[in-house]
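Input: a single structure, listed below in structure tokens.
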Amino acid sequence: MDEDVGMAVAPKQNGDARKIIQAPENSQRITYLICQKLYQNQGLLLAFASAGCFAVSTVCIKALQGVVASNELVFIRVIIMLLLGVISTTYTGIDIKPQSSREAKCHLAHASLMTISWCCQIYAYHNMGTADVTAIVYSYVTFVGPLARIILKETFHLIDGVFLVFTVMGVVLIAQPSFIFGDSEENNATAENDSTKRIVPVLAAFTASVAAASAVIIVRLLGADMDVPSLRVTNYLAFLSSIFVSIVVTALGQWTIPDCIKSRLLCVMVGVATFMAIMLISRALSLDNALYIVLATLSEVYIVFIFDIIFFSLQPKWLNVLGIVCIVTSSAAVTIRQIVTAKQLDKVNENAGKQSASQSIVTNDKGDNEFITPELITVV
């Protein structure tokens, strides 16, 4: 009986044995190739996961509308960032003392701009569609160019201006101001009130986008000119923002503790989801190019749009969808253009390096084609 079993397991013919052995090898090879591709692109996968976590945080913020004030939600976020920053600083031993008064001023400006951006953003979340707000906020990628031209004297090309026009066009399509699209209601007073309620949150989201773009310029100054560690920047951002937001919440009398356990859990989920997103995107930035990460994080707009339909019974209008597409397309186009420019510059530098090595000629780089990769900051 045992011999029969052994004969069944091990065929006598070599061809049959070869087929039996090759089958698991082929399946293992396919599994290996899939795992290899996933490992090679784990930075992008983590960026997509980070976008999902930010989307969950956005949905929780929307669910807390009318329960917790927008400024208090900002304070919850900032406090969690501060606690995690203190733990990380203690573990790494990074010196948190500013090296100059200029650095301290930049930290102060950075925290002020990001506090304005966060407060305006969450106010917009509570008063309009979350997908619309997310799309407008992510347009900060487009506004970095003109602000860098004004503040850092960087080049600003005509194509960048075209992308900027597309972004503004998307914002207008989402806002749908009455002086452009007209009033469909018969009662003019009601129409004016509806128009005001629709435009004010859009202006808040637009302000959040411009403030975030300005904060990117400050981060460039801190990183490129002063060589400040990113963890020190994060610590000062959380510390100063917690002070600013606490002053605003105290002045407005918005300190509240939700009575419902569900609301408290949602507050905790806002902080936890934000923390997970920051950790994932930090890891993604260490594994892949920041520009590719920007493209991957733009998927949050579509994830939030789907969540709006599922959880809040959103009925999308074609003008809103067209505005979202305009903003996301322009932001993606700016990022793709920067990727192409960076690759072209790398090839030029590589060819110049080979030529100088072969001819033994030392050349001075005047930095006419300097390309600065924009930092990805957490604005959502």
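Values quoted throughout were computed directly from the atomic coordinates according to the rules given, and no laboratory measurement underlies them. From a predicted model like this one, the values you see are computed outputs, not experimental measurements. No Cβ is skipped: glycine too gets one built from the backbone with ideal geometry, and neighbour counts run over all protein chains shown.
When the Cα gyration tensor is reduced to axis lengths a ≥ b ≥ c, the ratio a/c is 1.5 or higher for region 253-342, and with a/b not above b/c it is classed as oblate. Residue order for TRP118, TRP318, TRP255, fewest other beta carbons within 10 angstrom first, comes to TRP318, TRP255, TRP118. Straightening the chain between GLN36 and MET226 buys 64.5 nm, computed as 0.36 nm per residue apart minus the Cα-Cα spacing. Across the cross-link table entries LYS197/LYS317; LYS105/LYS343; LYS197/LYS262; LYS262/LYS317; LYS62/LYS262, which are compared at the Cα atoms, the separations over 25 Å belong to LYS105/LYS343; LYS197/LYS262; LYS262/LYS317. Put in line by how crowded their Cβ is, counting other Cβ atoms within 10 Å and starting with the fewest, HIS110, HIS157, HIS126 read HIS157, HIS126, HIS110. When MET128, MET276 are arranged by Cβ crowding within 10 Å, least crowded first, meaning fewest neighbours, the order is MET276, MET128. Principal semi-axes of the equivalent ellipsoid, √(5λ) from the alpha carbon gyration tensor of region 67-177, are 30, 24, 11 Å from largest down. Near the amide H of LEU314, within less than 5 Å, lie the amide hydrogens of ILE309, all on another chain or at least 5 residues away, with H placed in the peptide plane.
Each residue of region 77-82 was assigned a 3J(HN,Hα) from its phi angle through the Karplus expression (A = 6.51, B = -1.76, C = 1.60, θ = phi - 60°), giving 4, 5, 4, 5, 4, 5 Hz with x at Gly and Pro. The share of alpha-carbon pairs in region 44-353 lying farther apart than 28 Å comes to 42%. Fully extending the segment from THR329 to LEU265 would add 19.5 nm, taking 0.36 nm per residue of separation and subtracting the current Cα-Cα distance.
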